[in-house]
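Student: If you scroll down you'll find the structure; I have some questions about it.
The values are calculated or read from the model by the stated rules, or taken from the named source; none is laboratory data. Being a predicted model, the structure only gives us computed values, none of them experimental. Cβ placement follows ideal geometry from the backbone for every residue including glycine, while neighbour counts extend to all protein chains displayed.
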Amino acid sequence: MKSNLCCALGVSRGESNKESSKPVRLSQQLDKAVTTNYKPVANHQYNIEYEKKKKEDGKRARADKQQVLDMLFSAFEKHQYYNIKDLVDITKQPVIYLKEILREIGIYNVKGTHKNTWELKPEYRHYQGEDKSD
């Protein structure tokens, strides 16, 4: 079968064997030694940048509860569901303090399509009433 294939392609059997016996990978001799040795570093550049950014932000201080509520309500006017990370970024408040406030005004979704997100309790949803009146 192989001879038929070789004849069909116009290649002799000997040439075909020579081609298949050639090594695919060849070693190369280098002119000079490789000198790009990487030395271990205690603190990489991206770690230094992260620490600097973290230091600039500082610790998150608790703002007045009413201010935080205003920020949360304005955020929930834009979107119905938020995860805790996004709310922390929006309000710049400590996670524990934010969860404390969210337990009063929100519902934490554990199941469904909006898993692990917060939404406002029905009594705080002003945007629903506005949608129905339009």
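Student: Which of the numbered conditions does residue 48 fail, given that it passes all the others? Conditions: (1) β-branched (Val, Ile, Thr); (2) touching a helix residue (DSSP H, G or I) at 6+ places or on another chain (Cβ under 9 Å); (3) in a helix (DSSP H, G or I).
Tutor: Answer for residue 48: the failing condition is (2).
Student: May I ask you to list the residues in the stretch 80-114 that are farther than 23 Å from residue 60 by Cβ, exposed (fewer than 11 other Cβ atoms within 10 Å of the Cβ) and not β-branched (Val, Ile, Thr)?
Tutor: Residues satisfying the conditions are 111, 112.
Student: Follow-up question, since we're still on this one. Residue pairs, Cβ under 7 Å, 6 or more apart or interchain, first in the stretch 2-21 and at pLDDT below 65, second part of a helix (DSSP H, G or I). List them.
Tutor: 3/13; 6/13; 6/16
Student: For the stretch 51-105, which positions are assigned to a loop (DSSP other than H, G, I, E, B) and either under 15 Å from residue 125 (Cα atoms) or touching a helix residue (DSSP H, G or I) at 6+ places or on another chain (Cβ under 9 Å) (or both)? Full working, then the answer.
Tutor: Start the filter on the stretch 51-105 by keeping residues that are assigned to a loop (DSSP other than H, G, I, E, B), which leaves 58-64, 79-81, 83, 92-94.
Matches in the stretch 51-105: 60, 62, 63, 79, 80, 81, 92, 93, 94.
Student: From the list 120, 69, 87, exactly one residue is in contact with a strand residue (DSSP E or B) (Cβ under 6 Å, 6 or more places away or on another chain) and touching a residue at least 12 places away in the same chain (Cβ under 8 Å). Which is it?
Tutor: Numbers: 69 fails: in contact with a strand residue (DSSP E or B) (Cβ under 6 Å, 6 or more places away or on another chain); 87 fails: in contact with a strand residue (DSSP E or B) (Cβ under 6 Å, 6 or more places away or on another chain).
Answer to the selection: 120.
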